[in-house]
Structure formats: C-alpha cells, structure tokens
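See below for the structure under consideration.
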Amino acid sequence: MSHPKFFSGLTKPTQKNIKLFLDEEVYAISNEEAISRELTMVDVRTQEEFNNGRIPNALNYPIFDNLERSEIGKIYKNLGKENAINKGLDFFQPKLNKFLLSLSSMKSEHLVVYCARGGMRSKAIASLLYKNGFSVSQMKGGYKGFRRFVLQQLKKPIPPLIVLHGKTGVGKTLLLKKLPNHLDLEGLAQHRSSLFGAIYKTPNNQKNFEAFLVQRLKELDSKSPVFIEGESRKVGNVFIPEELANAMKKGILLLMNASIETRVSRIVKEYQIRDAETFLKIEKILVSLKQSMGISKTEKMRCWLKNGDIENIVHMLLVDYYDPRYYYSMKKYKFVIKISTEDLDQAANDLIDFRKKLILNK
C-alpha cells in the first residue's frame, strides 16, 4: 500500500488536516504484545512525564513541553475538550515537519507510539506517522496501562533464589556479573545501596526500577535458581517489591568472605575521586556521620579526604560503621556455605558448581 506524504514539505500543515488524524482509526497493540515483540517504543509525552516513569528502552519524542502541556490541561479543565485540542494543535503545528524528520531514520522499523493513557496524543501521532509511510501502532492504555501491567507482573511467583551475602566490599556485585541467570538489583536501581551508593550513578525512581525489574525477570530462566545479592528492603531510595523480598528471605543464603585489605582495595577502586563535584559530595556524606561515628572520627576522615588518603577513610568506615551494622542485621541468618571472594573467578566457579548440584539434586 502506498501512503500519501501529507507533510513532505509541499503541503503546508494546518489545524484542519492535522485534526483529521484524531478521527482516524489506527491499529492498537497491547503493552504486553509490544514488549514481548521488542518493537521500537516512541513515547510522545513530555520529558517530565518520561523521566517520572517510562518503558525500558523507549525513545522520548515529546510533542509538547511541560509548560505547553500544563496550559492545555488548564484549558481542558476550564473550557472543555475542543478548546484544549485546538490549543494543542496550535502548539504542535509549527513543530510537525521537524518532528517527522527526527523520526525519519526509523522508517524501516515498526514503531509503537504511546502517551499517558493511549488517548489523543498517541492516536494523532500514530495516524500522522502512518500517513507519512511509517509502519506504526498505538499502544493501548498508554503508560498508565503499562504501569498496571508492571504491578501485575510483580505479584507473580519468583524463581528460586541463591542469595549472596557478605560484608561491604567483598565483591558481591562484581561476582554477580560473572554468574549466569543473575538478578542485579543495584544495577536496576542504579544505586550501590550504601551511603555513597549514588556516586557516579543516576538512581532510578520506584516506577522505573520496577519496570526494569520486570523486564529482567522476563529474561531469566525461571526454571533454574537465580543468583541475587542480599539486600535490605531498600536499595538506595527504591523499595524491593514484596513478592521478591519474601523470595529472598526464603532463598538459599550463602556467605561471601574477603580480607579487610581486599575489601578496602575494591572500594577505593570503585570510588576514585575524579572531580571537585565528587569530592564535595563525599565530604558532605562524611559530615553527616558526626552523630553516628562521632566528631573526632568524622573530622579525621575529612582531613584524610583533603590529603587524598582514601584508603584510611574506607578502612575506618568499614570497621567502625558498615561492619557493626552488618553483624547486627545478619545475626538471624543461617548460611549454607561460605565462599572466599579473594579470587572472583574462582568464587564464580564455586558458585556455578553449587548451583549445578542444586539442580541435579532436585
């Protein structure tokens, strides 16, 4: 089928011909189908909406900015739907050709367009793209429908878990990356689940963390035990969903061990200070420890920080802050085996062998 090029530059876009798209039927696809087929997701919401919650791997091509969307919302509330549509067309009309051009490199792909609720924004854009030769669908229910889907998925049973515990710095996250069928919660949260966990990271909010978690759970082999790092109920500022948190408590608990020297070395390497901004962030966190560690130790660490003596800071934090809290939280846990992580490759092999034996003994 040939598609008329309504806005190839020869026809001036007007409210009248853009508005026709609102009355056209476009092919609608469910969020579950769109995700399972790994189609190219195009989010036409504002950047603020997108940042607040998005579908993993979706591309943001906003048709309004935050101020425009706010104004349209007020008009809708005070003057009705028709006036809001007209205002939206006023805003979008000058941007139309540029918008089409920005998507031109994806004409060979099948695009799935979505907005907040699967309403006017995504329907108009899906129709517009179809009329200009794109292979395109509109996602039913929009982002809100996807969010409901995520929450439903998080209530499903979790595969059996092998939970890696150990003191700060033993290398649990490094070890996970060497293991098959693993679930890295800190990676999904973009936070190391510690005082300094957001350094060099852009932490995800709860909605995005849960969306990426559902995506990762779908990728795993649910019939085989999954490796996961032991965490408290929170990873940074996000909460582990209840079903997963309960599965972690019921999982097979293993204890990872490493010397204090190895732990210090790994943490120093992870948190190298690259710029003045990072220096100030670390200093601010150290100052916040006055109440729990005392003024004397805090000031000593600040002095070490200024002199670049990061090893001494890490050593003191481990011995006087992290380890006591670890001992308190781990008192009730019973570990099946202990594994040294001095050599991460060897530790990974030991864990893979342990998992094989579990599968054989089922």
In segment 293-328, the residues that are small (Gly, Ala, Ser) and surrounded by fewer than 12 Cβ atoms within 10 Å (Cβ to Cβ): SER296, GLY308
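This table checks each residue for (1) hydroxyl-bearing (Ser, Thr, Tyr); (2) at pLDDT 90 or above.
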position	(1), (2)
ALA58	no, yes
PHE64	no, yes
GLY88	no, no
PHE91	no, no
LYS95	no, no
SER105	yes, yes
LEU128	no, no
LEU161	no, yes
I'm checking my understanding of the structure. Among residues of segment 233-262 that are in a loop (DSSP other than H, G, I, E, B) and free of Cβ contacts under 8 Å to residues at least 60 places away in the same chain, which one is farthest from the chain's Cα centre (by Cα)? ARG233
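List the helices (runs of 4 or more DSSP H) inside segment 16-134, counting only whole elements, that have at least 1 residues being of a type in the set (Lys, Arg).
The helices (runs of 4 or more DSSP H) meeting that bar are 66-79, 81-92, 96-103, 120-131.
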Within the set of pairs 6+ apart or on separate chains, which have a first residue in segment 91-110 that is outside the structural domain of ALA58 (by TED's automatic domain parsing), a second that is surrounded by 14 or more Cβ atoms within 10 Å (Cβ to Cβ) and among the hydroxyl-bearing types (Ser, Thr, Tyr), and C-beta atoms under 6 Å apart? none
Filter result for the condition that a residue is surrounded by 18 or more Cβ atoms within 10 Å (Cβ to Cβ), farther than 30 Å from LYS357 by Cβ and in contact with a helix residue (DSSP H, G or I) (Cβ under 9 Å, 6 or more places away or on another chain), over VAL264, VAL235, VAL268: VAL264
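Out of SER329, SER296, report the one residue that is more than 22 Å from GLU231 (Cβ to Cβ), in the same structural domain as SER193 (by TED's automatic domain parsing) and either out of contact with any Asp or Glu (no Cβ under 8 Å at 6 or more places or on another chain) or modelled with pLDDT under 95 (or both). Full working, then the answer.
Details: SER329 fails: more than 22 Å from GLU231 (Cβ to Cβ).
Result of the check over SER329, SER296: SER296.
The values are calculated or read from the model by the stated rules, or taken from the named source; none is laboratory data. Just so you know, these numbers come straight off a predicted model, no measurement behind them. Glycine also receives a Cβ, built like all others from the backbone with ideal geometry; neighbour counts cover every protein chain displayed.
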